[in-house]
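Scroll down for the structure; my scribbles are underneath it.
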2 protein chains.
Amino acid sequence: MKRYLMTPGPTPVSPETQLAMAQPILHHRSPQFMDILAKVREDLKYLFQTEQEVLMFAATGTGAMEGAVSNTLSPGDTALVVDGGKFGERWAELCEVYGISIERLKVEWGHAVKPEEVAQRLKANPAIKAVFVQANETSTAVQHPVKELAQITKSLPGTILVVDAISALGGYPLPMDEWGMDIVVAGSQKAMMLPPGLAFAALSPKAWEFVKTSKCPKYYFDFAKQLKSQQKNQTAYTSAVTLTMGLQQVLSWIRAEGLDKIFAHNRRLSRAAKAAVRAMGLELYSKDNPSDVLTAVEAPAGVDGQKVVAELRKRGIWIAGGQAQAKGKIFRIAHMGFIDELDLLGTLGALEIVLNDLGYKVELGIGVKAAQEILGKEA
Amino acid sequence: MKRYLMTPGPTPVSPETQLAMAQPILHHRSPQFMDILAKVREDLKYLFQTEQEVLMFAATGTGAMEGAVSNTLSPGDTALVVDGGKFGERWAELCEVYGISIERLKVEWGHAVKPEEVAQRLKANPAIKAVFVQANETSTAVQHPVKELAQITKSLPGTILVVDAISALGGYPLPMDEWGMDIVVAGSQKAMMLPPGLAFAALSPKAWEFVKTSKCPKYYFDFAKQLKSQQKNQTAYTSAVTLTMGLQQVLSWIRAEGLDKIFAHNRRLSRAAKAAVRAMGLELYSKDNPSDVLTAVEAPAGVDGQKVVAELRKRGIWIAGGQAQAKGKIFRIAHMGFIDELDLLGTLGALEIVLNDLGYKVELGIGVKAAQEILGKEA
């Protein structure tokens, strides 16, 4: 059976990328591989829209998140954590592990943090050295207003904004330098269209100043050490050679295609997906800023969201269910990276069949048609 | 030009493994991938010769080394570090980062640690909670006597033996449970014949007791959390899916072939390589316990070891030079994993040509013949 990954990570890997990764392995200190790293370093800056070096680690995104904490803060420091989903919770756990005192800004699942609340918290407690947030909270499919948050932290010399953009970067506009984010963390297996196994972090000059005074222990995720190595077109420890060869291929494609075109593609699929599920009489789970890279849908009354996921799997289509408190209540469809119109239309068509099978009556084709109308208009 | 990796990591990846990794990507929480993890978990126990769970991380070996420190010790603890090469130094750096007080047992490069010296140090300072050592110190091609070291630590309830087997595991006999090593760390890109990007660690019941009291911060490399996840056929964070699919293929092959046969193969190549360079009038750099998985050779007087490496590269053959204090003085040829007789004979033949070109006169064929005599005898 054909298998369609419509999950918000891992996303599908293109045959061209698979071939790039299937090339004979290179030594990680060879001139050939150093040439690849040199090219990748430049293309990553394009992707992150930054002039800063983008650090690469053989790890998944959580590793770079850990590095963002352990390289900038010290035990006893205070951080503000925006916690509006499963991945907000991860920032809190990471801070706790390193003895960082946290203020938690709880945001109801499905909602975005209000910038004025962050501003208030920072005003009330000037000791806060870092604000941790997700650009796109994958568990709720909500985009937090990181541009507005950066406006706030930019004026505070003692506070950095740390953005987990693991499911966001490359999916919709997040210009790091222009907006003034201090740390942006990304992972290979979402909009970057690669298998899991590479993690990234870019730091503003302000964040690099924080690195100088940080006292948390770090070794594998030592940002300063990695920076020094990359400036010589190496990595501090052995590079994940095959994944990096895939990265080169993907980044060349992204650069040739252009970020604007990719962002517009994802946004178009997103609008189509959202129009489709609304036409089916369903509600979005994301009440504020619904994401451009995935759509979270409330399961209709009497239907278990996990069953929707399970039934679609029987048809070869992999979407994601809800996590933690949203488990069973929602299902999530990704539309980023190597996912296209046909993938989406087919998924929506199968979703209508499955919903009917599970007892939620929906006119066949009604959602597909709503999606077609969007996709037809904005080619 | 064909390219031959005769380096002690990365080593060549077989076409079969490349194909396994080029399969369409699976979701890391799918039943299909969980089946792969279940199989891999069993086969890793075979490879490590242990009944304990072998933890898997999306990282290179250094990540698992860091975890071995941060999961078992606490700031202020004392550790004994056997430092007889570049990777011994890494243990020392890691301990220092985590505030572990270290006693350094310096071993001259090219030599193995003497078990009685370790015993003396442990007797003199009963506060030592861990002994860190390399099974195979890749920078000097020396095998440290970890079996004998385990004999010593086994009788000390307050001391664990932590073995970096990154370039050793799967290359020659290192039965973890039988010898009583407490932590064995490995990486994917050496005798395991995979690209870099997976790191492994297995812990004895005694080491797991240490985990309970450890107070160092850890998150991405949290051993207890990873153990819990693996027991459900998952990883704590996103799995490196494609590398794990390659791992399944490699481990199936290793199991079918049998460890004994693989160890004998490497040993045979090792004996042939060593006989060959001696026949060329060259000296081994490894004065004690020369390694079964690579051969370190002293460059002849007047010849720069780096030039030997560079000239062989022009012929498509990649061997390694010396690191740190050995740079320029030696060159190193790997014989493990997916490296075979033909690779070795060709390398030795090219080496003779290159040595003559560099002004060291050696009769063409003399080393190759010495290798042939070994290889012919012990098929």
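A few points about this structure:
- Among the residues of segment A:317-372, just one is among the basic types (Lys, Arg) and either under 30 Å from A:Leu251 (Cα atoms) or modelled with pLDDT under 95 (or both), namely A:Arg332.
- Total residues in segment A:15-52, condition over 22 Å from B:Thr7 (Cβ atoms) and over 19 Å from the mean Cα position of the chain (by Cα): 10
- Filter pass, B:Ile102 being within 13 Å of another protein chain (Cβ to nearest Cβ) and among the aliphatic types (A, V, I, L, M): no
- Filtered residues of segment B:289-305 (kept if outside any loop (DSSP other than H, G, I, E, B) and either under 24 Å from B:Ala191 (Cα atoms) or basic (Lys, Arg) (or both)): B:Pro290, B:Leu294, B:Thr295, B:Ala296, B:Val297, B:Glu298
- Total residues in segment A:39-58, condition away from chain B (no Cβ under 14 Å), aromatic (Phe, Trp, Tyr) and surrounded by 24 or more Cβ atoms within 10 Å (Cβ to Cβ): 1
- Qualifying positions in segment A:351-366 - buried (at least 18 other Cβ atoms within 10 Å of the Cβ) and over 27 Å from the mean Cα position of the chain (by Cα): A:Glu352, A:Val354, A:Leu355, A:Tyr360, A:Val362
- Residue count for segment B:26-38 under the criterion of being within 14 Å of chain A (Cβ to nearest Cβ) and outside any loop (DSSP other than H, G, I, E, B): the result is 6.
- Whichever residue in segment A:335-350 is within 14 Å of chain B (Cβ to nearest Cβ) and surrounded by fewer than 24 Cβ atoms within 10 Å (Cβ to Cβ) and, among such residues, is farthest from the chain's Cα centre (by Cα): A:Asp343
- Checked against (1) away from chain B (no Cβ under 14 Å); (2) under 21 Å from B:Ala58 (Cα atoms), A:His265 passes all but condition (2).
- Taken together, the residues in segment A:310-334 that are surrounded by 22 or more Cβ atoms within 10 Å (Cβ to Cβ) and without any contact (Cβ under 8 Å) to a residue 40 or more places away in the chain amount to 1.
- Any hit, segment B:37-44, residues being out of contact with any helix residue (DSSP H, G or I) (no Cβ under 8 Å at 6 or more places or on another chain) and either more than 18 Å from B:Gly197 (Cα to Cα) or not charged (D, E, K, R) (or both): yes
- Looking only at segment B:276-288, and only at residues there that are part of a helix (DSSP H, G or I) and over 23 Å from the mean Cα position of the chain (by Cα), the one that is nearest to B:Pro8 (Cα to Cα): B:Ala276
- Residue identified as within 9 Å of chain B (Cβ to nearest Cβ), surrounded by fewer than 24 Cβ atoms within 10 Å (Cβ to Cβ) and either among the small types (Gly, Ala, Ser) or assigned to a helix (DSSP H, G or I) (or both) among A:Gln23, A:Gln18: A:Gln18
- From the list A:Arg29, A:Arg90, A:Arg104, the lone residue that is farther than 23 Å from B:Val13 by Cβ, surrounded by fewer than 20 Cβ atoms within 10 Å (Cβ to Cβ) and out of contact with any His (no Cβ under 8 Å at 6 or more places or on another chain) is A:Arg104.
Every residue, every condition in (1) of a type in the set (Ser, Thr, Tyr); (2) more than 14 Å from chain A (Cβ to nearest Cβ), yes or no:
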| site | (1), (2) |
| --- | --- |
| B:Thr60 | yes, no |
| B:Ala92 | no, no |
| B:Trp109 | no, yes |
| B:Glu117 | no, yes |
| B:Ala124 | no, yes |
| B:Glu137 | no, yes |
| B:Ala141 | no, yes |
| B:Glu148 | no, yes |
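- Any hit, segment A:75-86, residues being away from chain B (no Cβ under 11 Å), in contact with a Ser or Thr (Cβ under 9 Å, 6 or more places away or on another chain) and at pLDDT below 95: yes
- Pick from segment A:224-253, criterion of a type in the set (A, V, I, L, M) and surrounded by 20 or more Cβ atoms within 10 Å (Cβ to Cβ), ranking: farthest from the other protein chains (Cβ to nearest Cβ): A:Leu251
- The set of residues in segment B:354-379 that are without any contact (Cβ under 8 Å) to a residue 24 or more places away in the chain and assigned to a helix (DSSP H, G or I) comprises B:Asn356, B:Gly376, B:Lys377.
- The listed residue being among the aromatic types (Phe, Trp, Tyr), in contact (Cβ under 8 Å) with a residue 40 or more places away in the chain and touching a Leu at 6+ places or on another chain (Cβ under 6 Å), out of A:Phe48, A:Phe33: A:Phe33
The values are calculated or read from the model by the stated rules, or taken from the named source; none is laboratory data. Since the structure is predicted, the reported quantities are computational estimates derived from the model, not experimental observations. Note that we place each Cβ from the backbone using ideal geometry, even for glycine, and neighbour counts take in every protein chain shown.
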